[in-house]
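The structure appears below as structure tokens.
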Amino acid sequence: MITEDDCLSFARWWHKVCVDENWHARQLAQVHPQGKEINDGFVETRAEVERTIIRELQSGDIGRVIFNAQLELEESGRAEDADENSPDFRRLCAYMLRGALEATRRAKAEDEGEFGYTARDPLFRDQHIIPGVVTGNLPQQGANPHPSTAPPVASPQPAPAGPTIGDLVEPFISEKTTRAKVSTKTQDDYRASLRLFMQVVGADRPVAAITDEEVVKFKELLLQCPTNFRKRLKTDNLEEAIRRNGALPENKRLDCLDGKTINEKYLSNIKTFFTWAKANKKVKESPAIGVRAEQPARDVSDERDPFNLDDMRVIFGAPIFTGCRSAHFRHEPGDLRLNDHHFWTPLIAAFSGCRMNEIGQLTKADIVQLNDMPHFLITNADDDHKVKTRAGKRYIPVHGELIALGFLDFVNSIKSGRLFPEWEMGQDGYYSSSFSKKFSRFLKSIGIKTDKKSFHSFRHSFKDAMRAARLDGPTQDLFMGHEDSTVQRRYGIGTPIQEQSEDFLRITYKGLDLRSLKRVMPGK
């Protein structure tokens, strides 16, 4: 049973939480660059937040506070009261919304220099709050919520001293960049993951004070986190994104992050941070050990579809391959025969199974002779070369179809350096980021783009072609850059033997005629 006193207690508790959040944001803005960004966001959106909460109170939308209300009830042994369909629980949440509204109004007044603010809602007029100072705990069932008559609360134990998580983010990334030579994209991924984590635990929280329960809470929020929420829901705040997504009609809600993404991106980055913190004597033990999102059994129907024969005919029958109006109007028919990355990248993907970035990073020196045949060398030998996995380092024969179309002549026409220098690297440090968007637009322009068809579909098509050519499993894994259990793949770069390179030449797409695409170099 949720009493009137419960509702008042929760309202005042949540009011204090929201006041503290705004206060901490102001303090952090003075000592940390990311804190300034967070606080500026709070200030800019305060008026809209006030209007939104009023609308939520009018409509009975409790999504903003439901998670915290349920969590506090469950942690105090009252899980049976946390039924979101219960009128009593919804009334409690409405009181909490009033607390959030009053805290927002107070912060707005302080933004304008008014520090003698008097609460407009009578629930909070006699609640004296010193921001950032613990003044009491959430009362138990039936407890008097008014500070003047509330029983004394035991003094809290001092939190562990030491650097905050916000203090350590940049030193962590700096050392990773210097020692492990992580890419710009990986650096950005670390920052994004830690920024979200700090929204949950607080950027000014001593890193040694963070508990495994807080890491679990972070994981649970990620399970509710909509994909690409910053762009699609216009907010940088994790819990606000969850609330906004939940407020949408069911048929318009965004999909949430899957377990694989949570584990391999967000939680992995948090675990790496705490492993570094432990190695540098900032924490005794990592609170992230063992925290993992459950993953459903892999459903192959969720993977990308391969391009079928008709798709291939449409792709390689487009003006980019057969002749276009100009380099700028390359999607319109004409007499110009392109001989650049727009032409060669899809063809290399179709006849090698290479990933997009692996093609973008190729240099003239990466076309090598092996087993008396030209091969692509896929490597991570320097800062401009990256592979997705350990098994990604490999040799792949240059297919006879590419040779027939004039690929080796194209390679020989280049003095040195990258094969496709006009293909610029994205801000994340990968060549794939910019070309991916262009290729998606190309697929749309020729009418074959679907949610499951993208540049990566070439890898699936190539995998099917290898099966059709009866290449055995280990050979397929070798050329695709997949891990397997053979000794050959456990040591060094994936180097095919003579027979494997020769077997590669059996791969074909029956019914696909590309002879009209042949490129003839000047003087040939």
Fill in the blank from the handout: Scanning the range 455-501 residue by residue, the ones that are farther than 20 Å from residue 375 by Cβ and modelled with pLDDT of 70 or more total 10
Practice task
Could you identify the single residue in 305, 335, 299, 258 that is modelled with pLDDT under 90 and touching a strand residue (DSSP E or B) at 6+ places or on another chain (Cβ under 7 Å)?
Solution key: 305
Handout entry: The one condition in (1) polar (S, T, N, Q); (2) at pLDDT 90 or above; (3) over 24 Å from residue 189 (Cα atoms) that residue 269 fails to fulfil
Key = (3)
Exercise for the section: May I ask you to verify whether residue 77 is under 17 Å from residue 200 (Cα atoms), surrounded by fewer than 17 Cβ atoms within 10 Å (Cβ to Cβ) and out of contact with any Phe, Trp or Tyr (no Cβ under 9 Å at 6 or more places or on another chain)? Expected result: no
Practice task
Take residue 196 and decide whether it is buried (at least 20 other Cβ atoms within 10 Å of the Cβ), over 21 Å from residue 171 (Cβ atoms) and either in contact with a strand residue (DSSP E or B) (Cβ under 7 Å, 6 or more places away or on another chain) or modelled with pLDDT of 90 or more (or both).
Solution key: no
Exercise for the section: Output the qualifying pairs, or none if there are none: Cβ atoms under 7 angstrom, residues six or more apart or on different chains, first residue in the range 172-201 and free of Cβ contacts under 8 Å to residues at least 40 places away in the same chain and under 18 Å from residue 37 (Cβ atoms), second residue surrounded by fewer than 19 Cβ atoms within 10 Å (Cβ to Cβ) and among the β-branched types (Val, Ile, Thr). Expected result: 187/177
Fill in the blank from the handout: Sole miss for residue 56 among (1) charged (D, E, K, R); (2) surrounded by fewer than 15 Cβ atoms within 10 Å (Cβ to Cβ); (3) under 30 Å from the mean Cα position of the chain (by Cα); (4) at pLDDT 80 or above is condition (2)
Practice task
With the checklist (1) surrounded by 15 or more Cβ atoms within 10 Å (Cβ to Cβ); (2) within 28 Å of residue 426 (Cα to Cα) in hand, flag the one item residue 264 doesn't pass.
Solution key: (1)
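The values are calculated or read from the model by the stated rules, or taken from the named source; none is laboratory data. The model shown is predicted, which means the values in this text are computed figures rather than measured ones. Neighbour counts are summed over all protein chains in view; Cβ atoms, including those assigned to glycine, are modelled from backbone coordinates with ideal geometry.
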